[in-house]
There are 2 protein chains.
Amino acid sequence: MIQELKNSYGHLFETELLEEINQVGTFKDVPQDFTLIEIGEYIKSMPLLISGAIKVLREDHDGDELLLYFLERGDTCAMTLSCCLGQTKSKIRAVAELDTKLVMIPIRKMEEWTGKYRSWRNFVFESYHNRIMEMLETIDNIAFMKMDERLLKYLLDKVKITQDSIIHTTHQEIAYELHTSRVVISRLLKNLEKLGKIKLNRNNIVLLSS
Amino acid sequence: MIQELKNSYGHLFETELLEEINQVGTFKDVPQDFTLIEIGEYIKSMPLLISGAIKVLREDHDGDELLLYFLERGDTCAMTLSCCLGQTKSKIRAVAELDTKLVMIPIRKMEEWTGKYRSWRNFVFESYHNRIMEMLETIDNIAFMKMDERLLKYLLDKVKITQDSIIHTTHQEIAYELHTSRVVISRLLKNLEKLGKIKLNRNNIVLLSS
DNA sequence: TTCCCATTGTAACCTTTGTTACAGCATAGT
DNA sequence: ACTATGCTGTAACAAAGGTTACAATGGGAA
């Protein structure tokens, strides 16, 4: 039994299920910025996150992106789940935000376990619940907040996910994920700096705790 | 056995489950504009739609609204499901868009059936799937589309749901649901009329098929 | 060192959306 | 018929966000 699996999922699943996961699952290490799932791909297995973080992105018809949410340890991709069951193509892109460890579970097993293990069922329901709540929050952000507020929230989220108050990214990168233009981001970041909330450097932004 | 139940769910559930639903469910008729679920309420039962339509709305801290999606025959409210399992307060408002018939299922039964009936489990998963797809579409609308496109889509959706090419509503009403102001809606509607897509009247808008 | 290129800063301008104000009109109730 | 009220149309203006253009800078590659 891989210890990390136990650490992340031991409190959720009974030993028998953990053993099964250990046996049928494929353990994977993916580096930062690795694309795990691409839009339009068929999905043949479902990921359980052990460590690291994954960002989930939506794309419009022009190829412009929008960050939906992050997944962390103990999470799974409900969108994938959903696509597996429906046998449809992925509607999202999933990219490693950090170096990430995960176990891939074949679809077949997933369905089997749904009937067999109560804890698995609960996990799946809880995952759906969490993802729906995240999507509601995303909708709140884009529908109710202005770009400067969204930007600040984005920076706070990044710091939380990476556990690092220095955000290693470019203005262009941020613009993609918030679905706006680089100039707008530069303008708003400059304002945030004037307000003393951040310090701007080349290729990184420092979030000031004040 | 209530015939309408069989019509709407007969192809999904086995006879035994239908019988159970028929016995423990409470059948309800609600008139148009009736509020079924209010934000912050605890939820004690789960609705299955038999006929009519329900609109699901999100609200921000200022009380401003945003339409998320519609539910129709054969749908259930995944948000409710989610709240039931998590024992949390409702994050959304549900309002009858038309006169609507539904069956209310007690939470207790819901959980029992999840273990007992495969068809119920599949229904629940499918409902989550559908709702996630609807929310993705909502995100696309607000993130990627301009207000005039969103407005046109809104009108098309209304016509589809109500099966009536005359939309009985006011500009103010539309403004609430799209989270903008009445003046903006009046302006954009006037443009759509100039483009020959609609005909504006007092208290109603006619969608022209052309 | 020198050059190149990605990144950032900034100005000027445009479009879209939001706000305020007010007039005209239809309809229901008196 | 008269009035109050809600609905719609429109103008004028403000604010937010998007676009284009270009300069400055820093760091890596040759």
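Percent antiparallel among DSSP beta bridges with both residues in the protein assembly as shown, to the nearest 5? Display every interim value, and only then the final one.
Numbers: 60 of 60 bridges.
Percent antiparallel among DSSP bridges in the protein assembly as shown is about 100.
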(message) Which of the three applies to segment B:113-170, rounded, prolate or oblate, going by the alpha-carbon gyration tensor with a ≥ b ≥ c and a/c under 1.5 meaning rounded?
(response) oblate
(request) Calculate the mean, over all residues of peptide B:141-148, of how many other protein chain Cβ atoms lie within 10 angstrom of the residue's Cβ. (result) 4
(message) If I stretch the segment between B:Ile39 and B:Asn122 completely, what's the gain in nm (0.36 nm per residue apart, minus their alpha carbon distance), one decimal?
(response) 27.1 nm
(message) Using 32 Å as the Cα-Cα cut-off, could you pick out the over-long pairs in A:Lys146/B:Lys153; A:Lys44/B:Lys55; A:Lys190/B:Lys91?
(response) A:Lys44/B:Lys55; A:Lys190/B:Lys91
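What FRET efficiency, computed as 1/(1 + (r/R0)^6) with R0 = 22 Å and r the Cβ-Cβ distance, is obtained for A:His61 and B:Leu200, rounded to the nearest 0.05? Don't skip to the answer; put the middle values down first.
Numbers: r = 30 Å, r/R0 = 1.36.
Calculated value: 0.15.
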(message) Can you list the copy-to-copy distances for A:Lys44, using a point 7 angstrom from Cα toward Cβ, in nanometres, shortest first?
(response) 5.1
(request) Kindly express, to the nearest 10 degrees and within the range 0 to 90, the angle between helix B:107-116's C-alpha long axis and the longest C-alpha principal axis of chain B. (result) 70 degrees
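Count charges around B:Asp157 for me, please; just the other residues with Cβ under 13 Å from its Cβ, Lys/Arg as +1, Asp/Glu as -1.
-2
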(request) Please give the net charge around B:Leu207, taking every other residue with its beta carbon less than 9 angstrom from that of B:Leu207, where Lys and Arg add +1 and Asp and Glu add -1. (result) +3
(request) State, to one decimal in nm and shortest first, how far the label point of A:Met147 sits from each corresponding label point in the other identical copies (label point: 7 angstrom along Cα-to-Cβ). (result) 1.7
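Let's see if you can work this out: charge +1 on each Lys and Arg Cβ, -1 on each Asp and Glu Cβ, no other charges. What is the dipole magnitude of segment A:2-83 about its Cα centre, in debye to the nearest 20? Intermediate values should be presented prior to the final figure.
Numbers: 6 positive and 16 negative charges, 52 e Å.
That gives a dipole near 260 debye.
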(request) Sort shortest first the distances from A:Asn203 to its counterpart in every other copy, using label points 7 Å along the Cα-to-beta-carbon line, and give them in nm. (result) 6.7
(request) Would you be so kind as to identify which of A:Thr138, A:Trp120, A:Leu102 lies farthest towards the positive end of the dipole of segment A:99-153, taking Lys and Arg as +1 and Asp and Glu as -1 on Cβ and the Cα centre as origin? (result) A:Trp120
(message) Kirkwood Rh over alpha-carbon pairs of segment A:78-210, then Stokes-Einstein at 10 °C and 1.306 mPa s: what D in µm² s⁻¹, rounded to an integer?
(response) 91 µm²/s
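Give me the compactness ratio for the protein assembly as shown, meaning the Cα radius of gyration over 2.2 N^0.38 Å. Mind showing how you got there, number by number?
Numbers: Rg = 23.1 Å, N = 420, 2.2 N^0.38 = 21.8 Å.
Against the empirical 2.2 N^0.38 Å value, I get 1.06 for the protein assembly as shown.
Classify segment B:34-96 from the C-alpha gyration tensor, please: rounded if a/c falls under 1.5, else prolate or oblate depending on whether a/b exceeds b/c.
Values: a/c = 2.06, a/b = 1.15, b/c = 1.79.
Cα axes put segment B:34-96 in the oblate bin.
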(message) Helix A:182-194 against the longest principal axis of chain A: what's the angle in degrees, Cα atoms only, rounded to the nearest 10?
(response) 70 degrees
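Please compute the alpha carbon radius of gyration of segment B:20-69, then divide it by the globular-protein estimate 2.2 N^0.38 Å. Two decimals is fine. Intermediate values should be presented prior to the final figure.
Working: Rg = 13.4 Å, N = 50, 2.2 N^0.38 = 9.7 Å.
Rg over 2.2 N^0.38 Å, computed on Cα atoms: 1.37.
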(request) Could you work out how far the C-alpha centroid of segment B:111-176 sits from that of segment A:7-74, in angstrom? (result) 27 Å
(request) Would you mind telling me which residue in B:Arg118, B:Arg58, B:Arg93 has the biggest mean-square fluctuation in a Gaussian network model of chain B, where springs connect alpha carbons within a distance under 10 angstrom? (result) B:Arg118
(message) Taking the beta-carbon count within 10 Å as an exposure proxy, list B:Met104, B:Met135, B:Met110 from fewest neighbours to most.
(response) B:Met104, B:Met110, B:Met135
(request) Quick one: dipole size for the protein assembly as shown, taken about the Cα centre, charges +1 on Lys/Arg Cβ and -1 on Asp/Glu Cβ, in debye to the nearest 20. (result) 740 debye
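Just how large is the dipole of segment B:14-56 about the Cα centre, in debye to the nearest 20, putting +1 at every Lys and Arg Cβ and -1 at every Asp and Glu Cβ?
Numbers: 3 positive and 8 negative charges, 45 e Å.
So the dipole magnitude of segment B:14-56 works out to roughly 220 debye.
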(message) Let me confirm one metric for peptide A:119-130, namely the mean number of other chain beta-carbon atoms within 10 Å of its residues' beta-carbons.
(response) 4
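Read-outs: derived from the displayed coordinates by stated rules, not from any lab. The shown structure was predicted, so the numbers you read here are calculated from the model rather than taken from an experiment. We place every Cβ from the backbone using ideal geometry, glycine too, and count neighbours over all the protein chains shown.
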